[in-house]
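The values are calculated or read from the model by the stated rules, or taken from the named source; none is laboratory data. All values reported here derive from a predicted model rather than from experimental measurement. Note: ideal-geometry Cβ built from the backbone for every residue, glycine included; neighbour counts use all protein chains shown. All accessible areas refer to the heavy atoms of the entire protein, side chains included, with ligands and DNA or RNA removed. Shrake-Rupley method; radii C 1.70, N 1.55, O 1.52, S 1.80 Å.
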Amino acid sequence: MRKVLRWLLSLTVFIGTLSTAGAATAAQSEPSDIKDRLLSVPGMSLIQEKPYPGYRYFVLNYTQPIDHRHPERGTFQQRITVLHKDTSRPTVFYTGGYNVSTTPSRREPTQIVDGNQVSLEYRFFTPSRPAPADWSKLDIWQAASDQHRVFTALKSVYPANWLATGGSKGGMTATYYERFYPRDMDGVVAYVAPNDVVNKEDSAYDRFFTRVGTKECRDRLNAVQREALVRREPLEKKYAQYAADNGYTFGTVGSLDKAYEAVVLDYVWGFWQYSLLADCDTVPANAATATDDEIWNSVDTISGFSAYTDQGLEQYTPYYYQAGTQLGAPTIHFPYIERKLIRYGYQPPRNFVPRSIPMRFQPQAMRDVDTWVRHHASHMLFVYGQNDPWGSERFRLGHGARDSYVFTAPGMNHGANVAGLVPDQKALATARILRWAGVASPAVLADPSAARPLARHDAKLDARDVEREPALRP
């Protein structure tokens with residue numbers, strides 16, 4: 001019996017030695033250059049490498065299943081970018097919720113932790129769109145599963161802690177990813193993420209517009225918006241010429257008249273989304289005596305008359321599809337404008353998606369996420385801007401949430417960030433981000449007020465401007 005036991009023990013040691021030797025051989029055979037390591041990931045291919053001081057920057061394609069529930073039913077190429085610092089540093093997984101930029105940039109958490117950054121293009125935003133496009137496979141679970149596969153593929157390359165982040169629809173995306181794959185990330189930093197739990201109940205937005213900023217600024221904006229509807233006939237003639245000059249058409253929304261009203265009704269919302277209170281000085285002071293050109297230019301600058309043309313809508317079809325099937329969309333009222341001046345009101349997302357694409361709203365989707373965040377959020381930070389309309393319906397924490405926070409940056413718009421928080425909250429948020437990333441010093445762990453970003457500010461890499469999209473898109 002003892003001989004048998006000794007034999008089994010010797011065999012176990014022998015197999016362990018083989019395994020160790022095999023692992024060592026595999027480790028030795030791993031490519032050392034980061035580009036080669038990335039390209040050794042199955043399904044990864046290089047589009048371009050761009051130089052940036054202190055980093056390596058790659059634009060890549062990654063093969064993804066069209067349907068993660070049935071991966072055998074076809075694949076598509078999804079763009080990602082990698083801003084490489086060092087494999088020993090933490091990695092920030094950034095999602096904008098739309099197209100991915102192929103210009104090197106660093107999100108705020110990446111600067112705070114001095115780490116790597118992986119950025120992902122949202123599925124169905126071209127060129128990351130299956131062909132043919134089965135739009136039923138554009139939902140928040142499929143998108144979260146895209147992220148999960150990218151993380152799983154790259155975790156061996158970047159083994160340190162990972163944080164998910166994103167702003168606006170990207171903040172929503174980071175939150176949904178955490179809801180469906182809560183074991184992937186070590187923390188989540190979600191900026192200005194709307195949370196439309198009950199799509200048909202939007203009174204919070206109406207209340208917001210009665211108290212945001214100052215009465216003087218609100219009155220000035222409301223007057224310009226109303227005047228643009230009063231002068232509908234002459235300004236629509238200008239719009240028709242503008243469309244003809246630029247080759248714009250209105251097949252999806254239905255008519256120039258519908259597009260015109262949609263742009264005008266976005267005006268006040270668009271101002272507060274992208275501007276600050278100090279920018280009220282740029283709005284015509286007396287709308288009644290302003291010229292047609294002054295009214296036109298103000299509306300065009302803030303809302304953009306190209307937004308609801310076929311050409312302006314095409315890029316954002318995936319967003320409007322999601323807004324009309326899962327995310328929800330706001331509806332607000334205009335008590336300072338006579339009813340006779342408003343023909344359509346806030347139009348639903350269905351009006352901005354080609355009729356050839358079927359849509360059906362799923363009210364349970366946002367309720368599920370909201371319930372999960374309230375009761376299960378862990379290591380999550382939500383940052384909102386005081387003067388951002390999208391923060392009217394936001395994520396909130398309830399019993400069961402652990403080490404999670406919701407902060408509001410005073411006076412800030414849709415570009416709110418940790419740097420804009422009041423000092424105590426800024427320090428706490430920075431300390432938590434460092435801690436979740438696994439790079440907090442003993443001094444920071446003992447006293448959050450000692451927390452500072454680990455990387456120096458880079459004016460080009462750390463651009464903090466709001467990502468400009470037409471109003472009413474988060």
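Could you order GLU227, GLU72, GLU30 so the one with the most accessible surface comes first? Probe is 1.4 Å.
These residues rank, largest area first, as GLU72, GLU30, GLU227.
Enumerate the amide H contacts of PHE76 below 5 Å, restricted to partners 5 or more residues apart or on another chain; note that Pro and chain-start residues carry no placed amide H.
Sorted by chain and number, the residues that satisfy this are GLN64, ILE66.
In units of 2.2 N^0.38 Å, what is the alpha-carbon radius of gyration of the range 246-291?
Compared with the compact-globule rule of thumb, the range 246-291 sits at 1.49.
If the cut-off is 17 Å between C-alpha atoms, which lysines fall inside it for LYS258, apart from same-chain ones fewer than 8 positions away?
LYS237, LYS238, LYS340
Remind me, relative contact order of the chain in percent, using alpha carbon pairs under 8 angstrom and six or more residues apart?
16 percent
Compute the acute angle (0 to 90°) between the alpha-carbon long axis of helix 232-246 and the principal axis of greatest extent of the alpha-carbon atoms of the chain; round to the nearest 10°.
That helix lies at roughly 50 degrees to the long axis.
Which of the lysines could be linked to LYS169 by a straight reach, that is with a Cα gap under 25 Å, when you skip same-chain ones fewer than 8 residues away?
LYS169 reaches LYS137, LYS155, LYS200, LYS426, LYS460.
Translational diffusion coefficient of the chain at 10 °C, 1.306 mPa s, Stokes-Einstein with Kirkwood Rh over Cα pairs, in µm²/s as a whole number.
65 µm²/s
Just to check, using Stokes-Einstein with a Kirkwood Rh over alpha carbon pairs, what's the diffusion coefficient of the range 154-298 at 37 °C and 0.692 mPa s in µm²/s?
175 µm²/s
What spacing in nm lies between the two simple spin-label points modelled at GLN48 and THR126, each 7 Å away from Cα in the Cβ direction?
1.8 nm
Take every DSSP beta bridge with both residues inside the chain and express the antiparallel ones as a percent of the total, to the nearest 5.
Taking every DSSP beta bridge within the chain, about 50 percent pair in antiparallel fashion.
Semi-axes of the equivalent ellipsoid for the range 317-429, please: Cα gyration tensor eigenvalues, times 5, square-rooted, ordered largest first, whole Å.
Over the Cα atoms of the range 317-429, the semi-axes work out to 32, 21, 12 Å.
Using only Cα atoms, find the angle between the long axis of helix 256-265 and the longest principal axis of the chain, and express it within 0 to 90 degrees, rounded to the nearest 10.
That helix lies at roughly 80 degrees to the long axis.
Just to verify a number: FRET efficiency for ASP134 and TYR336, C-beta to C-beta distance, R0 = 35 Å, to 0.05?
Calculated transfer efficiency: 0.20.
Evaluate the range 51-113: find the radius of gyration of its Cα atoms, find its Kirkwood radius, and give the ratio Rg to Rh.
Ratio of gyration radius to Kirkwood radius: 1.05.
Can you list the HN-Hα couplings for the range 164-180, worked out from phi with the Karplus curve (6.51, -1.76, 1.60; θ = phi - 60°), rounded to whole Hz and with x for Gly and Pro?
Couplings: 9, 8, x, x, 6, 4, x, x, 4, 4, 4, 5, 5, 4, 5, 5, 8 Hz.
Leaving out ligands, DNA and RNA, and with a 1.4 Å probe, what % of the accessible surface on the chain is carbon or sulfur?
53 percent
For the range 34-151, state the semi-axes of the equivalent ellipsoid (square roots of 5 times the eigenvalues of the alpha-carbon gyration tensor), sorted largest first and rounded to whole angstrom.
25, 14, 13
Arrange the residues LEU454, LEU327 by how much accessible surface each exposes, largest first, with a 1.4 angstrom probe.
Putting LEU454, LEU327 in descending order of accessible area: LEU454, LEU327.
Can you tell me, using C-alpha contacts under 8 Å and at least 6 residues apart, the relative contact order of the range 325-471 as a whole percent?
Reported relative contact order: 16 percent.
Excluding ligands, DNA and RNA, what is the solvent-accessible area per residue of the chain at a probe of 1.4 Å, expressed in Å²?
Spelled out: the 1.4 Å probe surface of the chain, per residue, equals 45 Å².
Suppose every Lys and Arg Cβ carries +1 and every Asp and Glu Cβ carries -1, with no other charges. What dipole size does the range 226-376 come out with about its Cα centre, to the nearest 20 debye?
That gives the range 226-376 a dipole magnitude of about 760 debye.
Averaged over all directions, how much area does the convex hull of the C-alpha atoms of the range 108-169 cover when projected, in nm²?
The directionally averaged projection comes out at 5.2 nm².
Which value, in Å to one decimal place, does the Kirkwood hydrodynamic radius take for the range 74-220 when every pair of different Cα atoms is included?
Radius from the Kirkwood sum: 16.7 Å.
Kindly report, to the nearest 10 Å², the accessible surface of LYS85 as traced by a 1.4 Å probe over protein heavy atoms only.
Its heavy atoms expose roughly 70 Å² to the probe.
Take the Cβ-Cβ distance between ARG207 and VAL422 as r, set R0 to 30 Å, and report the resulting FRET efficiency rounded to the nearest 0.05. Walk me through the intermediate numbers first.
On the way: r = 23 Å, r/R0 = 0.77.
It comes to 0.80.
Give the angle, between 0 and 90 degrees and rounded to the nearest 10, that separates the Cα long axis of helix 423-436 from the longest principal axis of the Cα atoms of the chain.
40 degrees
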